[in-house]
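Undergrad: Questions regarding the structure given below will be posed in turn.
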Amino acid sequence: MGNFAANEGLSVFVILVWLGINAYLFVQFYMNFLTERWFYTRVLLGDALSWARAPAACLNFNCMLILLPVCRNLLSFLRGSIQCCSRTAARQLDRNITFHKLVAYMIAFHTGTLLTHLVCFTLPPKHSLHTPSENPTIVMFTTIAGLTGVVITLALILIITSSMEVIRRSYFEVFWYTHHLFIIFFIGLVFHGFGRIVRGQTATSLLENKPSQCADQFESWGKNGTFCPKPEFAGNPPMTWKWVVGPMILYVCERLVRFYRSQQKVVITKVVMHPSKTLELQMKRKGFRMEVGQYVFMQCPCVSQLEWHPFTLTSAPEEDHFSVHIRIVGDWTQGLYEACGGDKNETQEAWKLPKMAIDGPFGTASEDVFGYEVVMLVGAGIGVTPFASVLKSVWYKHIQENQNVFTKKIYFYWLCPETQAFEWFADLLQSLEGQMTEKGMVDFLSYNIYLTRWKETEAAHFRVHHEAENDPITGLKQKTLYGKPNWDNEFTTIGTKHPEKKVGVFLCGPTQLADVLEKQCLSHSEAGVKFIFNKENF
């Protein structure tokens, strides 16, 4: 229970508060449209009136939230501000994309409910009070409310469908460009209420024509001898802009900051072509400052004028440059690979290297590594990149005899499917291994490398090298392991060795592995140890 509270307590509280506000707004606005003012409108529209206006209020609230989790500079500022006060609160900001998705699902849900507007337009009249003068379809496409409603619904459908994981991974450009329909969505949302198409009885009219007394006498309204004049109606003033104008201004400021950063000159100082099509870029930019595990967004104008892609920094803050390692897996990365001369045998001259634009750096969960005395780092494939920065920085801190290093033990796990994936990072591990041996720090770093697509039987031909000093695959003293780790045994062992400690568990890898590690963190509490789960999420 203690591990669950430490890992998920604040997240559960935030989600419950968010759901509670949605429920409150729904009930409150549903009841608001059951009042006497809306009696005659309900006669025409029936229950659809309340069932449409209640989700509209929730839609306003969630559209206010949807932009905030993607304001990266704002989140980095908040993270740095609250980290000194509450590490748990800072960790919630690392789940910004998860919350962004949850809010998007809620917007889709309430938009679906709002389609009752369309039903109201197309269904035949329920009461003789209703004398439509225009075709509902014409009203839908000629009024502000109708036209903007169709536009924002279509935009939302395209945004959501293109955001599915299969689209993002296979056709990232489709996801990237379609996602920018949010601009049209917000413009349409703001103007949707200006038509004031949903109208209720005015306060003055209610004093003269009370529905409880006059509703049954509608045929004699306004005639001599009747005390019931014709009711007057007016629409509510537009409210949506009041909900979303603040976040929209913040997002515009965010984009201005990104644009300013993108104009700063970036110099590529070194290009390294690693095996298994992994490209390393070492760069410099005036005033660039970073922390371990942070990431940047990169744009290469000669490849695409609009696309920005996130990459984890693999350099340490102590180095005089910043670097990224990029696995070539798609059209954009392939274009960058060719622009940097990766497909050529001769050395690329410096003046022929492409221009780059950099936005960042931005904070991630890995920034908290040095806040734990005991740390587990788990990287899968190219997901090892943030830990390259961590391990380099640890080494620099120790050779500089930095007394502020709180971390006393690091357990490092690297899971790779094939042998080629080891090659670019193994050099760093070899260097660290040798230097820490010289410094008498062998016990500081324990690392385990797993070749996940191989089993012990398939690796039998390596047994002849098992007695060799170094591993035949990685060249390290630590032998490569085959298959997948037994995480239950690993967590039990670490928990037993470090009683009454908080162990920071950091992952950069797929969702399936995240689910496994998070469950392990929640279930293990040997000797009072608490495992705190952190996942890279950008």
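Undergrad: Could you calculate the FRET efficiency of Ser220 with Glu36 from 1/(1 + (r/R0)^6), where r is the beta carbon distance between them and R0 is 25 Å, rounded to 0.05?
TA: Values: r = 20 Å, r/R0 = 0.81.
That gives a FRET efficiency of 0.80.
Undergrad: How large is the dipole of the range 237-365 about the Cα centre if only Lys and Arg carry +1 and Asp and Glu carry -1, each at its Cβ, rounded to the nearest 20 debye?
TA: On the way: 15 positive and 13 negative charges, 89 e Å.
Here the range 237-365 has a charge dipole of around 420 debye.
Undergrad: Any idea of Asp331's accessible area? Nearest 10 Å², probe 1.4 Å.
TA: 120
Undergrad: While we're here: Take Glu373 and Phe406, extend 7 Å from each Cα along the Cα→Cβ direction, and tell me the distance between the two endpoints in nm.
TA: Output for this residue pair reads 1.1 nm.
Undergrad: Put a dot 7 Å past each Cα toward the Cβ at Thr98 and Asp343; how far apart are the dots in nm?
TA: A separation of 4.0 nm, rounded to one decimal place.
Undergrad: Now for a different question. Show the residues, 5+ positions off or on another chain, whose built amide H is closer than 5 Å to the amide H of Met376.
TA: For Met376, the qualifying residues are Tyr411, Gly504, Val505, Phe506.
Undergrad: Under the 0.36 nm per residue contour assumption, what length would be gained going from the current alpha-carbon distance of Lys270 and Ile157 to full extension?
TA: Here the answer is 36.3 nm.
Undergrad: Hey, with R₀ at 25 Å, roughly what FRET efficiency would Phe233 and Val150 work out to, going by the Cβ-Cβ distance, to 0.05?
TA: Numbers: r = 24 Å, r/R0 = 0.97.
Working from the Cβ atoms, E equals 0.55.
Undergrad: Could you sort Thr493, Thr204 by accessible area so the largest value comes first, with the probe set to 1.4 Å?
TA: Thr204, Thr493
Undergrad: Between Asn489 and Asp331, what length comes free when the chain is fully extended (0.36 nm per residue of separation minus the Cα-Cα distance, one decimal in nm)?
TA: Here the segment from Asn489 to Asp331 would lengthen by 52.8 nm.
Undergrad: Quick one: accessible area per residue over the range 209-264, 1.4 Å probe, rounded to a whole number of Å²?
TA: On a per-residue basis, the range 209-264 sits at 67 Å².
The values are calculated or read from the model by the stated rules, or taken from the named source; none is laboratory data. The structure displayed is predicted, hence computed values, not measured ones. Because the Cβ atoms are built from the backbone with ideal geometry, glycine has one as well, and the counts that use them run over all protein chains shown. SASA here: full protein model, heavy atoms, side chains in, ligands and nucleic acids out. Shrake-Rupley method; radii C 1.70, N 1.55, O 1.52, S 1.80 Å.
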